[in-house]
């Protein structure tokens with residue numbers, strides 16, 4: 001019996017040490033990233049771009065579509081959505097589906113500083129950056145930074161480039177159909193970009209629209225009108 005207790009203690013201590021080591025490595029990655037380029041400098045680069053679109057100039061349909069499909073609790077959490085993270089972890093462990101559980105703030109942190117290679121330490125570093133972002137900027141600012149740098153496929157980074165490149169309009173002129181189509185692309189730009197995966201993009205758009213209906217952002221009638229091309 002004592003042998004089993006010692007084994008359990010050894011396992012628990014080993015797991016705890018591994019977690020501490022991972023957190024430390026993630027913290028060091030975060031510190032190295034912001035040392036080389038402070039967050040305020042990275043944000044200044046975004047805000048001073050010629051095609052930067054501030055939050056109050058973004059179409060409400062784009063805001064709602066993006067929130068519905070990416071992070072509908074964005075204005076309620078503080079950078080980490082523990083409900084979504086827990087659900088994603090369980091789904092991944094049980095093999096139901098691959099799910100990231102990252103908030104818009106975490107995705108912004110990743111796009112500001114890190115690559116897309118799967119890494120636990122990188123995810124931990126993202127959390128530290130996300131915490132700083134939430135402390136330094138408003139939710140509206142964070143959302144605008146996200147849509148101004150995210151990849152929409154076909155080489156279009158940021159909502160202004162995507163609106164012009166795909167539809168030949170400004171971001172302010174985007175309609176509900178266009179907004180819901182664009183909102184679905186950042187999850188996997190290479191697999192949804194309109195140039196060669198338009199059918200997949202339409203299926204993704206249906207998911208966006210359904211999410212908006214579920215969140216009571218649009219009606220079922222509006223969703224069906226888009227899907228039927230009316």
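The values are calculated or read from the model by the stated rules, or taken from the named source; none is laboratory data. In this text, all values refer to a predicted model and were calculated from it rather than measured experimentally. In this analysis, Cβ positions are derived from the backbone assuming ideal geometry, glycine residues included, and neighbour counts consider all displayed protein chains.
Specify the residue that is modelled with the lowest pLDDT; the eligible residues are those in the range 121-161 that are assigned to a helix (DSSP H, G or I) and more than 17 Å from the chain's Cα centre (by Cα).
121
Of the residues that sit in the range 178-192 and are surrounded by fewer than 18 Cβ atoms within 10 Å (Cβ to Cβ) and touching a residue at least 12 places away in the same chain (Cβ under 8 Å), which one is farthest from residue 226 (Cα to Cα)?
It comes out as 190.
For the list (1) in contact with a helix residue (DSSP H, G or I) (Cβ under 8 Å, 6 or more places away or on another chain); (2) modelled with pLDDT of 95 or more, I need the number of the one condition that residue 199 fails.
(1) is the only condition that residue 199 fails.
Being farther than 17 Å from residue 112 by Cβ and either modelled with pLDDT under 95 or surrounded by fewer than 19 Cβ atoms within 10 Å (Cβ to Cβ) (or both) narrows it down to one residue among 44, 72; which is it?
Answer to the selection: 72.
Every residue, every condition in (1) surrounded by 16 or more Cβ atoms within 10 Å (Cβ to Cβ); (2) free of Cβ contacts under 8 Å to residues at least 24 places away in the same chain; (3) more than 19 Å from the chain's Cα centre (by Cα); (4) not in a helix (DSSP H, G or I), yes or no:
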residue: 194; (1), (2), (3), (4): yes, no, yes, yes
residue: 202; (1), (2), (3), (4): no, yes, yes, no
residue: 205; (1), (2), (3), (4): yes, no, no, no
residue: 225; (1), (2), (3), (4): no, yes, yes, no
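Just give me the residues in the range 28-50 being over 20 Å from residue 147 (Cα atoms) and touching a helix residue (DSSP H, G or I) at 6+ places or on another chain (Cβ under 6 Å), in sequence order.
Scanning the range 28-50 gives 29, 30, 33.
Do we find a residue being assigned to a helix (DSSP H, G or I), more than 20 Å from residue 211 (Cα to Cα), touching a helix residue (DSSP H, G or I) at 6+ places or on another chain (Cβ under 6 Å) and touching a residue at least 24 places away in the same chain (Cβ under 8 Å) anywhere in the range 58-70?
no
Out of (1) at pLDDT 95 or above; (2) assigned to a helix (DSSP H, G or I); (3) surrounded by fewer than 20 Cβ atoms within 10 Å (Cβ to Cβ), the odd one out for residue 221 is which?
Evaluating residue 221 over (1) at pLDDT 95 or above; (2) assigned to a helix (DSSP H, G or I); (3) surrounded by fewer than 20 Cβ atoms within 10 Å (Cβ to Cβ) leaves (1) as the failure.
Kindly check whether there is at least one residue in the range 93-105 that is in a helix (DSSP H, G or I), in contact with a strand residue (DSSP E or B) (Cβ under 9 Å, 6 or more places away or on another chain) and modelled with pLDDT of 85 or more.
no
For the range 109-120, which residues satisfy the criterion of being at pLDDT below 90 and either surrounded by 19 or more Cβ atoms within 10 Å (Cβ to Cβ) or part of a helix (DSSP H, G or I) (or both)?
120 - this is the single residue of the range 109-120 that is at pLDDT below 90 and either surrounded by 19 or more Cβ atoms within 10 Å (Cβ to Cβ) or part of a helix (DSSP H, G or I) (or both).
Give the residue that is nearest to residue 171 (Cα to Cα), with candidates limited to residues of the range 129-141 that are touching a residue at least 60 places away in the same chain (Cβ under 8 Å) and surrounded by 19 or more Cβ atoms within 10 Å (Cβ to Cβ).
133
Anything in the range 169-192 that is in a helix (DSSP H, G or I) and within 16 Å of residue 59 (Cα to Cα)? List them, or say none.
Of everything in the range 169-192, those that are in a helix (DSSP H, G or I) and within 16 Å of residue 59 (Cα to Cα) turn out to be 171, 172, 173, 176, 177, 178, 179, 180, 181, 182, 183.
Assuming residue 53 fulfils every condition listed in (1) surrounded by 19 or more Cβ atoms within 10 Å (Cβ to Cβ); (2) in contact with a helix residue (DSSP H, G or I) (Cβ under 7 Å, 6 or more places away or on another chain); (3) modelled with pLDDT of 95 or more; (4) in a helix (DSSP H, G or I) apart from one, which condition is it?
(4)
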